[in-house]
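First comes the structure, then the notes that go with it.
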Amino acid sequence: MATRKRNLYILMVANLLMSASMTMIMPFLSLYIETFGDYSDAYVQRWAGYIFGVTFLVAFIFSPIWGRIGDKHGYKGILILTSVGLSVCIFLMGFAHSVTYLLILRIFMGIVTGFIGVSNAFIARQTPRNEAGKILGTLQLGGVTGMLFGPLIGGAMADLFGFKNTFTITGIAIMIAALIVAFGVKEVRTEEQKEAAKVVYSRRAVLKQIFTLRVLFTVMIITALIQIANFSVQPLLALYVGDMTQSNNIAFLSGLAFSATGFGNLVMTRKWGQLGDKYGYEKILNILLIMAAIFVIPQAFVTNLWVFIFFRFLFGIAIGGMVPCTTAYIRLAAPGVMQGEMLGYNQSARFLGNVIGPILGGTLAGYTGIPSVFLFMSFMFFVAFFVLLYALHSDRKRRVNVD
């Protein structure tokens, strides 16, 4: 019990540093591309989408592999490896001089982007099923806090010290997270877990299990839809904020817009997990989807930066509970020996959404303007709501027929 709590809080701190460091570069990524040459707005928007998304395309492939290795050999080594790899990649981004150089580094970054997903699997494996939502919500507090302060700090640092120094500091922060895990986390594998790890499940068997459980498969689809919606606008926020203000501190203000969502996450993430434990993760997830769809719509029409930031905060309240609810549901439904790999596939679904979203958002913004991307986001959340509603209805109907 004491070891489990210690691991939880250490990984929460590591997730804080990791999320803060990962999000520190987000507010100025599109601005960084502009420093490579005299490019049109459409060119910058398009390449911001490509460079932002390619990391998650590669991570989509590698995430289940990390989960499978973790199920067999333990999670701590993977946590250290991925955090060190991320540190090196982000440090080298400060020396980028072209979109091609930056694209290559983002590809390598995708290979080692697995820390937060693996930490979820690590804690989920140690957590009693009836407390999964609360515990995973607690773990996410670290990531949410990092998301809250990371963009704000990154935007301010970019304005004060320049892009290169910000990348350098970010790389160092991630290396600190690696050291915290290396010396602080203790992984204890029970004899039962060691024996279970000797049982070899083929990827086909794991995929069959996913497709057999209809709501489980639907939750993974919804995970992808959520990320498509959320990440379609992420690379464009700095440009959108720039259109709302004449301030010289655009990077800082765009960081503030990012952080507003993180603050909304921080306020309610753990509470949504507890409500999921009590009332059912699927029910809470459906409530969150409809809330997110509604709170996104005004963001397409506001012209005042502070009103925009307010609606980003409300949106953050809704989206903050989605990760603990989906992760806890998979923890509840998946067999123990497959949990790491199944959570890896769910993480892959997130990464797939992270790939598709920026590309669709950047392309849509290039043709119809950035406000239309927010309407697209709302539409995707409504689609996810109805997909889950249909799956739950079909599952109840099937159980009635079986009975």
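Remarks
- Pairwise alpha-carbon distances in the range 29-90 exceed 18 Å for 53% of all pairs.
- Across the chain, the relative contact order, built from alpha-carbon pairs under 8 Å that are at least six residues apart, equals 29 percent.
- Percentage of interatomic Cα-Cα distances in the range 52-141 larger than 17 Å: 54
- Enclosing the Cα atoms of the chain in their convex hull gives a volume equal to 127 cubic angstrom per residue.
- Cα-based shape type of the range 217-309, given that a ≥ b ≥ c are square roots of the gyration tensor eigenvalues and the cut on a/c is 1.5: prolate
- Residue of K186, K271, K72 that the Gaussian network model of the chain assigns the largest fluctuation, springs spanning Cα pairs under 10 Å: K186
- Distance from the range 203-250 to the range 1-26 (C-alpha centre basis), Å: 21
- With q set to 0.17, 0.19, 0.24 Å⁻¹, the log10 of I(q)/I(0) for the range 290-386, from the Debye formula over equal scatterers at the Cα positions, is -0.87, -1.01, -1.28.
- Here, the range 55-96 yields an orientationally averaged convex hull projection of 3.1 nm² when only Cα atoms define the hull.
- Legend: distances between Cα atoms for K76/K208; K5/K164; K186/K283; K208/K278; pairs beyond 31 Å are K5/K164; K186/K283.
- A simple rule links phi to the HN-Hα coupling: the Karplus curve 6.51 cos²θ - 1.76 cosθ + 1.60 with θ = phi - 60°, which for the range 59-69 gives 5, 4, 6, 8, 4, x, 5, 4, x, 5, 4 Hz, with x for Gly and Pro.
- Placing +1 on the Cβ of every Lys and Arg and -1 on the Cβ of every Asp and Glu, with nothing else charged, gives the chain a dipole about its Cα centre of roughly 1440 debye.
- Cα-based radius of gyration of the range 67-118 once divided by 2.2 N^0.38 Å, which approximates compact folds: 1.30
- Sorted peptide list for 309-316, 99-106, criterion being average Cβ within 10 angstrom, highest first: 309-316, 99-106
- Using heavy atoms of the protein chains and a probe of 1.4 Å, the accessible area assigned to E34 is about 70 Å².
- For the range 278-335, diffusion coefficient by Stokes-Einstein and Kirkwood Rh (Cα), 20 °C, 1.002 mPa s, µm²/s: 171
- Scaled to the globular estimate 2.2 N^0.38 Å, the Cα spread of the range 1-41, given as radius of gyration, is 2.00.
- Between the range 357-371 and the range 41-106, the C-alpha centres lie 22 angstrom from each other.
- Cα gyration tensor, the range 222-269 - rounded (a/c under 1.5), prolate or oblate: oblate
The values are calculated or read from the model by the stated rules, or taken from the named source; none is laboratory data. Just so it is clear, the model here is predicted, and its values are computed rather than measured. A quick note on method: Cβ atoms are made from the backbone with ideal geometry, for glycine too, and the neighbour counts reach across all protein chains shown. The accessibility values were calculated without ligands, DNA or RNA, using every heavy atom of the protein model including side chains. Shrake-Rupley method; radii C 1.70, N 1.55, O 1.52, S 1.80 Å.
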